[in-house]
Amino acid sequence: MKRLAGMLLCAAVAFGSVAAPAKDAEMESKIDALLQKMTLDEKIGQLNQQTGTGYSDAMVNAVKGGAVGSILNEVDPEIVNKLQKEAVENSRLGIPLVFARDVIHGFKTIFPIPLGQAATWNPALVEQGARIAAEEASSVGIRWTFSPMVDVSRDARWGRIAESFGEDTYLSSVLGVAMIKGYQTDDLSQPGTMAACTKHFACYGAAEAGKDYNTTWIPEVLLREVYLPPFEAAVKAGSATFMCSFNDINGVPSSGNPYLNRTILRDEWGYDGMLVSDWGSIQQMIPHGFCTDLKDAALKGALAGVDMDMESYAYVNHLKELVEEGKVKESVIDEMVRNVLRLKFRLGLFENPYVDMATARNFYTGKALSAAVKTVEEGAVLLKNNGVLPFKQIKKIALVGPMADDKHNQAGTWCFDLEKEHCVTPLQALTEMYGKDAVVYAPGLEYSRDKNEQGIAEAVEAAKNADVVVMVAGEEAVLSGEAHSRADISLPGAQTKMIEELKATGKPLVLVIMTGRPMTIAYEANLADAALYTFHGGTMAGSAIANLLSGKSVPSGKLPVSLPKMVGQEPLYYNHKNTGRPASGMVLIDDIPLEASQTSTGCTSYYLDAGDGPAFPFGYGLSYTTFEYGDVRLSDDSMGKDGKIEAACTVKNTGSVAASETVQLYVRDLVGSLVRPVKELKGFEKIYLQPGESREVKFTLNASDLAFWTSAKEKIVEPGEFDLWISGDSASGTPVKFNVTE
Ligand code: NOJ
């Protein structure tokens, strides 16, 4: 089987290649034996996950009494070992605990937010980041992380887009699998691994209007085509656990949704891992208006197949009663416990329950730090460059902006374990690279939301005396992530004003944007001479940014999300469907004559004020070199419904520096029994070319890659004509045609 990682042919099939752990007969009989010995209370205890309270009397008693299956957020390895000892040596059956934590983009060494990692389009790097996160976190006893989040996210207002791999189903599938592989390796029983938790099942990213936790209404074909494939890929890759989402789907909250959790996850996909609720999500079915009280919530959660209750305490308080009343069969409980025990066996916790204190707290290795630098470098997207980058003979840099020296905020969302002293900011890195006298630091604004314009004058003064101005702008970490949706996704505070004043100095202006989401920055990027979109880059963001600005490294990031011109365009995604009146001949708002007739603007599909399409499209990103794409060549211009064709294109580095380019394969099914998207990503490959070097990039496209769902039951390849592009982003290139025949 072909493996992943950009360098491989046909990423289109690659993500199915990681083997799911097989159910092993010996393990299953050990589980049976344990189940036979367990009381109902002990079984229900395994289904309970609760927050760590240290080595407290209450926790020790609960663990010894077999009332806890998993503890979350305990990160002191000494306490982990002491509690584990209570479970293994002092509880009746000696079943180990599993310790969990949100290790979302690194534990101590913080990597870019997942959206920033997605911008690398490099599965090998994503896998490596997850591997390092697992090595660090497991060295304090965390063997279960709540990651990856593979929610396809098409709305930039949604704060959790930061935790996603962006708007594309295929890219999210490939990178989700890479992350799982990094956490789990091929042998989850080794102590340096963590069980992945693929979340949030399902459709959380479709929250209406981008407001967190909001309702979703998803027709079956959209569910299957857009939202479910990354989860199915995760099942195939052996993700040891899954997590429910908070939202309701078509009226049914995920934590009480048997169609999702049983029919699709278990029956259709054959998943035998463990499903945990989200934090309090079983209890939250009450305010949803789906359950009358906590007991009803426990009943609906269990019947829907949610194995472990995170922080609702519905199962420990009510399941026993529900079994005694005959409302939940004990066989249902046994199945849930079985899934929990299987996780613990797979993690090797029965053989190896303790943290080895001799190797504990294994953080910030040279390998970890340099991988973190490389990931920021490869995920930084150069949106614009009129030649100011990389720096040439710069003697004085005015470094301004609220994010230029902000260790906390460059790390991004979900950094519970951040140690700021290890973070390198752009100020530190540029000073180290160019010398203290060469960098004049005048932030202008104290933080991203700062509206106090008093400091801007000092930044402008610094700009006037410099050869180049670098403004590090963006959003603080807390403005994205869970429960941090925004209805205005522009640069907050007085940042735009500051950019305008810097522009007025006439000095070359470089904008670096550290953020957790796609922002409306077209106006600001237009004012600047260069714009580098780095997302929140984590511990080593500053070093990577200095390398990129100086030319020590070359940007190769590509947008995993469309950047809108205006927030009102959201949800915005490249793979939309065409209308019957696609945009053409647009007359924009300022060009409409007075008293123009209603139909004079052409009656096509666009916004009067935003036109059509994004400011920067999905897949887009510049380099310090240029790449030339040759004609696309197909091995055949038609294939049968079980066939395949090869598509090839020669890509040449036509500039003067060596650099990487992500070559992307898109198709369009021109006519379908259901309307098909205008483009769909079907493969990509990141290549590295020396100046003047050419490489032929080949993709194998199987007819099965063109199949789509026409109902819950039917996924078909329809004969007909297709367009195919090989290009450097979703908006460029010239299509060639092929046919699928009967
Ligand atoms: C709620 C979040 O939705 C989920 O992603 C996270 O893993 C849990 N809380 C645990 O902290």
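The values are calculated or read from the model by the stated rules, or taken from the named source; none is laboratory data. Nothing here was measured: the structure is a model prediction, and the numbers come from that model. Glycine gets a Cβ as well: all are built from the backbone with ideal geometry, and neighbour counts include every protein chain shown. Just the protein is used for accessible areas: all its heavy atoms, side chains included, with ligands, DNA and RNA removed. Shrake-Rupley method; radii C 1.70, N 1.55, O 1.52, S 1.80 Å.
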Probe 1.4 Å, all protein chains present, accessible-area order of K577, K497, largest first: K577, K497
Along the charge dipole of the chain, Cβ charges K/R +1 and D/E -1, which of T241, V675, A546 sits furthest on the positive end? A546
Descending accessible area (1.4 Å probe), largest on the left, turns S704, S732 into S704, S732
Enumerate the lysines that K30 could reach by cross-link, defined here as Cα to Cα under 19 Å, with residues fewer than 8 away along the same chain left out. K43, K344
With the charge dipole of the chain built from beta-carbon charges (+1 for Lys and Arg, -1 for Asp and Glu) about the Cα centre, the Cα from M308, V68, G621 projecting farthest to the positive end belongs to G621
Quick one: check the C-alpha center-to-center distance for the range 185-257 versus the range 290-366, whole angstrom. 18 Å
Placing unit charges on C-beta atoms (Lys and Arg positive, Asp and Glu negative, everything else neutral), compute the dipole magnitude of the range 127-176 about its Cα centre in debye, rounded to 20. 120 debye
Greater than 30 Å separation of Cα atoms is the criterion. Which listed pairs, K384/K682; K407/K682; K577/K641; K552/K682, meet it? K407/K682; K552/K682
Computed, not fitted: 222 nm per-residue ellipticity of the chain from DSSP H runs ≥ 4 (each -39500 (n - 2.57)), nearest 500, equal to -7500 deg cm²/dmol
Accessible heavy-atom area order of K64, K644, highest first, probe of 1.4 Å: K644, K64
If you scale each eigenvalue of the Cα gyration tensor by 5 and take the root, what three semi-axes come out for the chain, rounded to whole angstrom and sorted largest first? 43, 32, 25
Pop out the carbon and sulfur fraction of the accessible area of the range 44-346 as a percent, whole number, probe 1.4 Å. 50 percent
Treating only the Cβ of Lys, Arg, Asp and Glu as charged (+1, +1, -1, -1), what charge dipole size does the range 371-550 show about its Cα centre? Round to the nearest 20 debye. 480 debye
Length-normalised contact order for the range 44-346 - Cα pairs under 8 Å, 6+ apart - percent: 16 percent
Between the modelled labels at I592 and V675 (7 Å from Cα along Cα→Cβ) the distance in nm is 2.3 nm
Hey, what do the phi angles of the range 450-461 turn into as Karplus ³J(HN,Hα) couplings, whole Hz, using 6.51/-1.76/1.60 and θ = phi - 60°, x for Gly and Pro? 4, 9, 6, 8, 4, x, 4, 4, 5, 5, 5, 4
Filtering GluC sites (Glu not before Pro) in the range 695-724 by DSSP loop and by at most 12 other Cβ atoms within 10 Å leaves E714
Sites matching GluC sites (Glu not before Pro) across the range 268-348 that sit in DSSP coil, with at most 14 neighbouring C-beta atoms within 10 Å: E325
For the range 597-661, which chymotrypsin sites (Phe, Trp or Tyr not before Pro) pass both filters: DSSP loop (anything but H, G, I, E, B) and at most 11 other C-beta atoms within 10 Å? none
Listed pairs K199/K686; K211/K295; K181/K652; K392/K436 exceeding 24 Å between Cα atoms: K199/K686; K211/K295; K181/K652
Could you run the Karplus curve 6.51 cos²θ - 1.76 cosθ + 1.60 with θ = phi - 60° over the range 298-313 and give me ³J(HN,Hα) per residue in whole Hz, x for Gly and Pro? 4, 4, 5, x, 5, 5, 7, x, 8, 6, 10, 9, 8, 6, 9, 6
Once you put a point 7 Å from the Cα of C603 and another 7 Å from the Cα of N73, both along the Cβ direction, what distance in nm separates them? 5.8 nm
At 1.4 Å probe size, with no ligands or nucleic acids counted, give the accessible surface of V75 in Å², nearest ten. 40 Å²
Using +1 at the Cβ of each Lys and Arg and -1 at the Cβ of each Asp and Glu in the chain, identify which of S370, P571, I521 lies farthest towards the dipole's positive end. S370
Size of the dipole of the chain about the Cα centre, Lys and Arg at +1 and Asp and Glu at -1 on the beta carbon, nothing else charged, in debye to 20? 960 debye
Karplus 3J(HN,Hα) series, Hz, for the range 348-355 with 6.51 cos²θ - 1.76 cosθ + 1.60 (x for Gly, Pro): x, 6, 5, 7, 9, x, 9, 6
